[in-house]
């Protein structure tokens with residue numbers, strides 16, 4: 001049975017439908033997440049090769065209604081100016097979807113970068129502050145720690161360079177191998 | 001979407017609205033042509049006045065000593081009175097016999113037929129005197145037919161009277177008494193006051209003429225103007241008149257006689273026929289009283305009949321409808337996941353060929369707006385051209401129409417995809433294969449629209465129409481964009 005509050009919640013939808021028929025465009029913000037987001041701290045990916053000690057994660061997103069395309073970049077600094085060594089600098093999002101305030105996407109693990117069979121990882125982030133921050137788990141499972149990503153760029157500020165991802169290997173780790181922990185390259189099993 | 005793109009879209013939208021406002025203002029500020037008005041001169045109704053006759057015959061006085069008088073028909077005074085009464089009304093134009101026989105309006109002149117008939121009369125008389133009676137009858141009958149066809153029974157009754165006289169005399173020579181009798185009666189109908197010199201004809205002929213006169217008084221149908229309604233209607237058309245007035249005197253020997261006035265006019269009903277609308281039958285008292293009867297009857301009719309100034313003027317209907325309108329359209333079938341809007345303006349012209357049928361043409365320029373999911377790469381223009389025939393109901397309030405025809409859409413820069421990678425990296429073939437993008441350019445099909453034009457003032461009208469179409473042909477095989485639904489709302493100008 002439809003409650004009063006649900007009808008109130010649906011009212012804007014009806015208004016939107018009517019207005020969209022009469023006026024020229026829809027009401028919903030179908031580009032809410034478009035822009036870039038950077039994690040507020042190092043994100044640690046448990047048992048993920050190359051990311052054992054964590055990395056700052058930058059998401060460059062393009063939202064088109066329920067569809068989301070974009071890239072995920074792995075950095076060693078909060079401004080995401082430097083890449084994490086020993087892995088791919090970025091990966092493309094796979095099957096990004098945005099529904100009911102939740103962004104769900106997949107991506108390939110950044111190691112191995114060229115060839116091989118990288119593991120598929122995923123993220124489930126919830127939109128906060130009217131799309132200015134994202135919060136949720138990212139990694140192998142959805143039941144891990146929740147990370148926070150705050151907006152760095154608005155939709156209009158994205159440049160072609162921001163959206164470029166060559167998935168190139170960032171080079172060998174000087175001392176201890178990829179990432180900050182060479183053991184991770186064996187799969188994180190010690 | 002960059003800030004620059006957003007600004008460009010806002011600028012295009014502003015331009016679009018500006019154009020619609022400009023066109024609307026141009027329509028409103030254009031010189032309003034005056035609604036057709038009546039010319040300043042007085043429009044007149046033409047009324048025919050037939051020559052009056054005095055049918056009060058006395059067969060005993062048909063033959064007289066000495067030469068018979070050439071005139072003396074008192075009925076002529078009655079028609080003069082009728083004409084004079086009619087002339088007092090400024091919206092009446094009187095048509096008289098003399099005026100008709102001198103027509104200068106390009107119609108048939110009477111010199112030709114009159115001369116031919118006189119020739120046939122002369123020929124008939126010659127054959128009669130040569131005792132070549134059958135040939136005489138043939139010429140005379142031909143002359144009678146020509147005379148009736150040329151309305152000489154009104155315009156030159158003496159000629160017709162002579163034709164009938166010699167026809168009757170010829171039949172009498174052949175001992176065809178009945179035909180002779182009928183011919184003599186027709187002679188008296190044409191010239192009822194005709195007299196003959198006593199002793200001019202043989203006694204048998206005089207007896208036949210006298211018998212015809214006696215029969216004429218008893219049996220002639222006075223109401224039967226010109227031998228029938230159809231012939232009278234034809235003569236009215238010929239005279240370009242819509243009503244006829246006739247006045248005559250009737251009565252037999254020993255009777256005071258009657259003054260009779262008849263007025264008939266063409267009915268205003270569809271398939272108009274001549275109907276009698278006024279009449280007077282008054283006993284003869286004196287010439288003054290007869291004149292008064294005629295004058296009164298005509299005046300009474302004038303007070304009631306439809307004169308041009310009392311006639312409801314049928315305003316002409318508009319023939320051309322030109323409109324400029326704001327236009328809105330959506331395609332009900334699209335390759336995008338959500339319907340997107342198109343808005344712009346249009347200009348349409350409709351020519352009302354005849355009542356209920358028109359041909360039309362319309363051009364709309366529409367700008368597409370971004371769909372909610374961004375499946376459209378960018379905004380684009382649509383040029384929509386429609387043409388066809390329409391069925392309409394018109395009134396002074398405007399018209400309702402149903403237009404059917406063909407539609408051609410040209411889409412300038414339509415590109416759509418549902419692949420988000422193509423939207424985020426539109427120029428990267430590795431991320432966006434070309435096959436993922438639809439690019440229809442030309443669409444051709446049929447359309448139907450229902451609309452209304454409502455007169456606001458003078459020739460300015462409000463227009464609204466809603467239309468639906470279907471495309472059958474496209475530059476892409478499966479017509480990815482189809483079933484356009486469109487609304488047009490604006491102002492127009494009607495040309496009369």
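Once the Cα atoms are used to define both axes, helix B:157-173 deviates from the longest principal axis of chain B by about 60 degrees. Computed from Cα atoms, the angle from the helix B:3-29 axis to the main principal axis of chain B rounds to 10 degrees.
Taking a point 7 Å out from the Cα of residue B:44 in the direction of its Cβ, the residues of the range B:52-94 whose backbone N falls within less than 18 Å of it are B:80-94. Of interest is the spacing of the C-alpha centroids, which for the range B:141-218 and the range B:233-276 amounts to 24 Å. Return one quarter of the surface area of the convex hull spanned by the alpha-carbon atoms of the range B:290-351, equal to its mean projected area, in nm². Approximately 8.6 nm², given one-decimal rounding. A crude spin-label estimate for the pair residue B:60 and residue B:84, with each label 7 Å from Cα along the Cβ direction, gives 3.4 nm. With neighbours defined as other Cβ atoms within 10 Å of a residue's Cβ, the residues A:31, B:317 order from fewest to most as B:317, A:31. Suppose we keep just the DSSP beta bridges with both residues in chain B; what percent of those would be antiparallel, to 5? Of all bridge pairs located within chain B, approximately 90 percent are antiparallel. The mean sequence distance of close C-alpha pairs (under 8 Å, at least 6 residues apart), as a share of the length of chain B, puts its relative contact order at 13 percent. Per residue of peptide B:412-425, the mean number of Cβ atoms on other chains within 10 Å of the residue Cβ is 4. Counting neighbouring beta carbons within 10 Å and listing from fewest to most, the residues A:138, B:263 come out as B:263, A:138.
Averaged over the residues of B:368-381, the number of partner chain Cβ atoms lying within 10 Å of the residue Cβ comes to 3.
For a modelled paramagnetic label at residue A:53, 7 Å from Cα along Cα-to-Cβ, no residue of the range A:139-155 is in reach, as no backbone nitrogen comes under 14 Å.
Once the C-beta distance of residue B:174 and residue B:210 is scaled by a Förster radius of 22 Å, the resulting FRET efficiency is 0.65 to the nearest 0.05. With neighbour counts taken as other beta-carbon atoms within 10 Å, the residues B:122, B:181 rank, fewest first, as B:122, B:181. Dividing the summed helix terms, -39500 (n - 2.57) for each DSSP H run of n ≥ 4, by the number of residues in chain B produces a 222 nm estimate of -11000 deg cm²/dmol to the nearest 500. Taking 0.36 nm per residue of separation and subtracting the Cα-Cα distance, full extension of the segment from residue B:457 to residue B:354 would add 34.8 nm.
If you fit an axis through the alpha-carbon atoms of helix B:75-87 and take the longest principal axis of the Cα set of chain B, what angle between them do you get, 0 to 90°, nearest 10? Taking Cα atoms only, the helix is inclined about 30 degrees. For the pair the range A:85-125 / the range B:62-92, the C-alpha centres are spaced 119 Å from each other.
Note on B:332-344: average number of Cβ atoms from other chains within 10 Å of each residue's Cβ is 2. For the range B:223-352, the relative contact order works out to 14 percent when only alpha carbon pairs closer than 8 Å and six or more residues apart are counted.
Each reported figure results from applying straightforward, stated rules to the coordinates on display, with no laboratory input. The structure presented is a predicted model; accordingly, all values stated were derived computationally and were not measured. Using ideal geometry, Cβ is built from the backbone for each residue, glycine included, and neighbour counts are taken over all protein chains shown.
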